[in-house]
Each structure stands twice: as C-alpha cells, then as structure tokens.
Amino acid sequence: MVDSLVFRNLQSAAEVRQAWPLEASGYPEDEAASLDALLYRFNAAPHLFFGAFTSSGDLVGYVVSTQTSAPLVTHESMSTHDAQGTTGCVHSVCVASAWQRKGLATKLLRLYTESVREYNQHAEVAVNRLALISHKYLLPLYEKAGYRVLGVSDVVHGSEPWFDCVLDL
C-alpha cells in the first residue's frame, strides 16, 4: 500500500492547503500549525516541505521544516526561517488517519532525509542537521528513522513535555 505512493516536495499553495486538514486532525489544537503558518513555511522553504501522494494526487502525509542557525528547535525557529541556517527544524510529521500504522511515517522521514541530502548537493547553504521536538510516546518512531534523543527540550508548546531529537547529515 505505502509502496504505491509518490514521494516528492510539495509544489503549490493548493497542495499546502491539502496538508492543513492533516495538521489540524493530527495535532491537538494548542499544537497544530495554522494554514497561514504552513503557507509561510512553504513559501520560505519549499525544499523542506515533502509529501506522500496517492496516484490520484491526494496528499496522505508530509514532513515540513524551516531552517535556523540554532542547533535545536527553539520557540523562535517555530515561526521563522533563516535561509542561512544550517539546521532544519522539523515542525510537523503528519499522516492521514487511514494511512497510520502502515510504516508511512518512517518511510516519509527516511525519504525526507534523502531529499534534504540531495538538496544539499546544490544548495548555497547546506542543511547539516535535522532537529525536532517530540512527545515521549513518539520517540521510538524518530529513533527508528535515525534520530538521536538528547533529552527534555526547553521548548514549551502545548500541555505535554517535549524531547529534543537530532539527525546529523
């Protein structure tokens, strides 16, 4: 099932609009990005907005980041993009509910990492680290995708604690 999907960067605001319902249903209200935030991230860093599409063009999962000069996700990096930054801050990893528990999130993360490495081959400023914050119950997913857990994050966003995770490229 997952093997039938097409993986690529999102290419338009219309595709970003497909991402927003996944975001809204995938995160609690106090953690979900707004449509405006997703559009900002797409416009600022389209090379860091990667999705999984069905053969009919429906978006069923995505990963989105922006760049920062900080080594980890910070409050500031959650709402800004620093084109000179060498850390990619992963803001969202979302999969449509019908596609969950099928290995799609792991495949998305691995292919996203490959996509960033390919981007780095011709980038003026390479992304040499991917960083994210995760709730405890999702740490095995990120570890399976190659991320290292560093410990409890300084970021407070929503009601549950977050853990810093990184993947050096």
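The values are calculated or read from the model by the stated rules, or taken from the named source; none is laboratory data. Owing to the predicted nature of the structure, the values given are computational and were not obtained by experimental measurement. Cβ atoms come from the backbone with ideal geometry, glycine included; neighbour counts cover every protein chain shown. Accessible surface is based on the protein model in full, side chains and every heavy atom, while ligands, DNA and RNA are left aside. Shrake-Rupley method; radii C 1.70, N 1.55, O 1.52, S 1.80 Å.
Tabulated data for the structure shown
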read-out	value
Spatial extent of region 1-155: Rg and Dmax, with the Cα atoms as the point set, Å	14.4, 41
Highest average packing first - 156-165, 41-50, Cβ atoms within 10 Å	41-50, 156-165
Accessible carbon and sulfur surface of the chain relative to its total accessible area, %, 1.4 Å	51
Region 92-157: trypsin sites (Lys or Arg not before Pro) in DSSP coil with no more than 15 other Cβ atoms inside 10 Å	Arg101, Lys102
Local electrostatic count, Ser25, Cβ distance below 15 Å [Lys/Arg +1, Asp/Glu -1]	-4
Net length gained if the chain between Ser56 and Glu114 were fully extended (0.36 nm per residue, minus Cα distance)	18.5 nm
Surface per residue (accessible, 1.4 Å probe) for region 51-90, Å²	36
Mean Kyte hydropathy of 1.6 or more with a Cα span along the axis of at least 20 Å, helices from DSSP in the chain	none
